[in-house]
Amino acid sequence: MHRRELIVLTIAGAMAGFASSAIRAEEHSDPALIKAMDDAKVTLQQGLAAAAEKGQPISAKFELENGKLQLSVYTAKDGKFSEVIVDHVTGKVTKSEDINGGEDLAAAKGQSAAMARTKIDLEAAVERSVAQAGGTRARPVSVFPGMKAGHAVANVTLIAGQQFKTIDQPID
């Protein structure tokens, strides 16, 4: 790898970390998301599995988009990135759009770089975090890969009761 490519990947990874921190902070203060999660029949893990038909899942989150619950999964395939929307009730892919620029592309590149260093997939990381947080009473809301102290980790945010909890799950 050339020095310039390494610098670009490092910057993209840092930006992805900032993006995931911002998203997690927003989720932690959003009681509307906690309430909306009652409508989700599909788990984050099922969303990751459904999106895998479009490429390797590199992050996923439940979010409120225009006041409606949405399950968004970023995927990577052949050096290209997509945002895949999975129906939170049926578990079917409803839309897939290319990610071509801006903060979304920077985040996807950083997430993909982190995933290149992993030994387990995001679905397994989420399962481990759920078990760590108390099993079925903890509901996963998002998963974002990143680097921490030179190791790949998945930042898994769960709802436990009416509280958000984030677990840094080692994935390398």
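The values are calculated or read from the model by the stated rules, or taken from the named source; none is laboratory data. This is a predicted model, so every value here is computed, not measured. Positions of Cβ are generated from backbone atoms using ideal geometry, with glycine treated the same way; all protein chains shown enter the neighbour counts.
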Residue list for segment 101-124, filter: surrounded by fewer than 22 Cβ atoms within 10 Å (Cβ to Cβ), part of a helix (DSSP H, G or I) and without any contact (Cβ under 8 Å) to a residue 60 or more places away in the chain
GLY102, ASP104, LEU105, MET115, ALA124
Filter result (part of a loop (DSSP other than H, G, I, E, B) and over 19 Å from THR166 (Cβ atoms)) within segment 40-61:
LYS41, VAL42, GLY55
List the number of the failed condition for THR136; all other conditions in (1) modelled with pLDDT under 95; (2) outside any strand (DSSP E or B); (3) in contact with a strand residue (DSSP E or B) (Cβ under 9 Å, 6 or more places away or on another chain) hold.
(3)
Just checking, does segment 154-172 include any residue being small (Gly, Ala, Ser), at pLDDT 95 or above and over 21 Å from HIS88 (Cα atoms)?
yes
